[in-house]
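The next block holds one structure in the form of structure tokens; read it before the comments.
The values are calculated or read from the model by the stated rules, or taken from the named source; none is laboratory data. Bear in mind the structure is a predicted one, so any value in this text is a computation, not a measurement. Cβ: placed from backbone, ideal geometry, glycine included. Neighbour counts: every protein chain shown. These area figures cover heavy atoms from the full protein model, side chains too; ligands, DNA and RNA do not enter into them. Shrake-Rupley method; radii C 1.70, N 1.55, O 1.52, S 1.80 Å.
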Amino acid sequence: FFPCFTGILSGANRASSLRDPASAIPRGTLGAITLSFCVYVSFLILWAAVGEREYLTMEHGQLDELIYPSVKAAQIGIVLSSLGQALQCVVVAPRLLASIAADGMLRPMRSLARLTGGEPKLALGATYLVGAMCVLIGSLNAVAPLLSMCFLTCYSMMNLNCCLLGLLKDPHWRPRFRYFHWAVGLVGFVLCTSIMFVDWRY
């Protein structure tokens, strides 16, 4: 269920390519989350309605009987989907890192803001090194919790920033989303932080 929502920042990361980012990002993000949630919940409800208890309580293997024409087809689909997500990260992550470096707040990273032919090649190399080190761990079970922590840390800090900017009434912070309230950011920060500790403990 969780990987369904790990791409919700795609619109924000490509804000420069949108005609009206202020309205397109909230609508697109909330629309994607709502649609994904409905698809997953309906899948669970329909499966529970037709499956026997013994079948549903199996630890794994339920999908093996449903996949057509064979399990190999699903495995190929998973690999292609993973490659697509990886390519998306290759495109987005260097630009995001270069933008952070260009702000000048982290001086050791300022060199990563340099563009070569309009592309952040130094930032691309840095993100490649980080990704390669994670791959060299050699265990998916070891990488998955680390990846979850990275996502949760990112989301918790974004929520905290929205909360503090709303509370302090920063003049540069002018959200146009009509339903925005600083308390939503606080709740999101608390939830993400709590899940981080639960995930670490169990």
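Scanning region 149-183 for residues that are open to solvent by 60 Å² or more (accessible area, probe 1.4 Å) and among the charged types (D, E, K, R) yields LYS169, ARG174, ARG176, ARG178. May I ask you to list the residues in region 125-137 that are in a loop (DSSP other than H, G, I, E, B) and farther than 17 Å from SER82 by Cβ? LEU136, the sole residue that qualifies. One residue stands out among those in region 144-202 that are among the hydroxyl-bearing types (Ser, Thr, Tyr) and not in a helix (DSSP H, G or I): the one that is modelled with the highest pLDDT, which is TYR179.
Consider region 66-84 and keep the residues that are of a type in the set (Val, Ile, Thr) and open to solvent by 60 Å² or more (accessible area, probe 1.4 Å). The one that is modelled with the lowest pLDDT is ILE78.
Conditions tested, residue by residue: (1) of a type in the set (Lys, Arg); (2) closer than 30 Å to PRO175 by Cα; (3) surrounded by 10 or more Cβ atoms within 10 Å (Cβ to Cβ); (4) without any contact (Cβ under 8 Å) to a residue 40 or more places away in the chain.
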| position | (1), (2), (3), (4) |
| --- | --- |
| ALA32 | no, yes, yes, yes |
| SER36 | no, yes, yes, yes |
| VAL41 | no, no, yes, yes |
| ALA48 | no, no, yes, yes |
| GLU54 | no, no, no, yes |
| THR57 | no, no, no, yes |
| ASP64 | no, no, yes, yes |
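Could you list all residues from region 85-110 that are loosely packed, with under 10 Cβ neighbours inside 10 Å and modelled with pLDDT of 80 or more? Hits for region 85-110 are ARG107, PRO108.
Filtering region 116-126 to residues that are open to solvent by 40 Å² or more (accessible area, probe 1.4 Å) and in contact with a Leu (Cβ under 9 Å, 6 or more places away or on another chain) leaves THR116, LYS121, LEU122, LEU124.
State yes or no: is CYS162 touching a Gly at 6+ places or on another chain (Cβ under 7 Å) and within 23 Å of VAL187 (Cα to Cα)? Yes; evaluated as a whole, the condition is true for this residue.
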